[in-house]
Structures are given as C-alpha cells and as structure tokens.
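The values are calculated or read from the model by the stated rules, or taken from the named source; none is laboratory data. Since this is a predicted model, take the numbers as computed values, not measurements. As a convention, Cβ positions derive from the backbone with ideal geometry for all residues, glycine included, and neighbour counts pool all protein chains shown. SASA here: full protein model, heavy atoms, side chains in, ligands and nucleic acids out. Shrake-Rupley method; radii C 1.70, N 1.55, O 1.52, S 1.80 Å.
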Amino acid sequence: GATTSDQVQVTVFAQTQAPSVSAGPNIIIDLPTNMVEIIGVSSDVDGAIVFEGWSQISGAVPTVTINDNSLLLEDLLEGIYEFEFEARDDDGASAFDQVRITVNGANQTPTVNAGADQTVNLPTSSINLIGLASDADGTISSVLWSQQSGPPASLTNTSNLTVTINSIIDGS
C-alpha cells in the first residue's frame, strides 16, 4: 500500500502575435525619373521588433541604399521591380509585405504635320487644311490649330485634324 507523488508545473503562454508590416503602396514612375525611396513600417503589439530587412524579389538589380527601414532605389530602368519588407519580433514571429515599383518608359513627343503649303487664288476665300498627328507610345488626345502670322482669318473646327480657314484676303 505504499504511495508516492510528484508534481509537474504547466506554464501556458499567450499566443504570440506576428508583427504588423507595411512596405508601402505600389509605385508607378515614368522615365526620366529613375529614383524612388520606400519606407517600410513595422510594429508589434505583444513585444518588440528585433529585425527589419528588405530583399528584392524580381526585376533588374538597381543601385540600392538601405538605411534602417528605408530603401533608396536609383538608376532604375524601364520594367517592374518587386521588393519584400520583413520584420521579426522578440518572440520569433515574423511578417512580410511586398511593394511593386513600375517604371514606364519616357513619354515620346507626338508627331504632327500641318500638310503641304497651299496657294489660294482670289476670289476663293476659304480652304480646308488636313493635318496628320500620331503618337508612337500612346494616343492623340487633342489637336489645336492656330494662326501664327498673316492677315486676320477665321478658323473653323480648330480642334479637328481638318480645319477650315475662312475670310482669306491677299497675303501669306
């Protein structure tokens, strides 16, 4: 009938919460702008952040300067770059967030052509001019005809590719 006993202590810890992490919003820039700074933000409600770090996920390798949670990207080329910001807390929990930087090529200037020089013989007092406009990297959103010199004339449909010039008098 001999008996013996022993004790065991069970310690229950509250569930560890992962840190909150933000790499910031996605960014779109147009060349010739080729630099951007991103600032990662992290916090931990049940402890302290012990590590923050950036890593590149995709894209060409730009010139990178890291200063704490700040990421300065320079010499960016046209394309898409993705980076990840990570934070770890003192309980070993970690969290990640990603940011995408889209670098668009430089906008090219549209090409316009007002057409060949025209000759009008009086008493004809109006003429239609047909212009051409194109944009290699986009679309033409508007056109505008204006008189640059000569006797006053009346222009009709100045926001169309075809403009009518009325009230022409002797001159150039």
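Details
- Residue ID - surrounded by the most Cβ atoms within 10 Å (Cβ to Cβ), chosen from residues in segment 89-135 that are of a type in the set (Val, Ile, Thr) and assigned to a loop (DSSP other than H, G, I, E, B): Val120
- Verdict on Ile165 being surrounded by 13 or more Cβ atoms within 10 Å (Cβ to Cβ) and over 38 Å from the mean Cα position of the chain (by Cα): yes
- In segment 65-75, of all residues being under 12 Å from Asn34 (Cα atoms) and aliphatic (A, V, I, L, M), the one that is least open to solvent (accessible area, probe 1.4 Å) corresponds to Leu73.
- Filtering segment 1-46 to residues that are farther than 30 Å from Thr109 by Cα, among the aliphatic types (A, V, I, L, M) and without any contact (Cβ under 8 Å) to a residue 60 or more places away in the chain leaves Ala2, Val8, Val10, Val12, Ala14, Ile39, Val41, Val45.
- Filter result for Glu86 (in a strand (DSSP E or B), in contact with a Lys or Arg (Cβ under 6 Å, 6 or more places away or on another chain), open to solvent by 30 Å² or more (accessible area, probe 1.4 Å) and at negative phi): no
- Residue in segment 130-142 that is at pLDDT 90 or above and within 19 Å of the chain's Cα centre (by Cα) present: yes
- For segment 57-83, the tally of residues that are part of a loop (DSSP other than H, G, I, E, B) and touching a residue at least 24 places away in the same chain (Cβ under 8 Å) stands at 6.
- When each of Val99, Val163 is tested for being among the β-branched types (Val, Ile, Thr), under 30 Å from Val41 (Cβ atoms) and touching a residue at least 12 places away in the same chain (Cβ under 8 Å), the lone residue that passes is Val99.
- The number of residues in segment 2-35 that are among the small types (Gly, Ala, Ser) and surrounded by fewer than 14 Cβ atoms within 10 Å (Cβ to Cβ) comes to 3.
- Any hit, segment 136-150, residues being part of a strand (DSSP E or B) and in contact (Cβ under 8 Å) with a residue 24 or more places away in the chain: no
- Residues satisfying the stated conditions in segment 36-48, i.e. aliphatic (A, V, I, L, M) and either farther than 18 Å from Gln98 by Cα or exposed (fewer than 12 other Cβ atoms within 10 Å of the Cβ) (or both): Val45, Ala48
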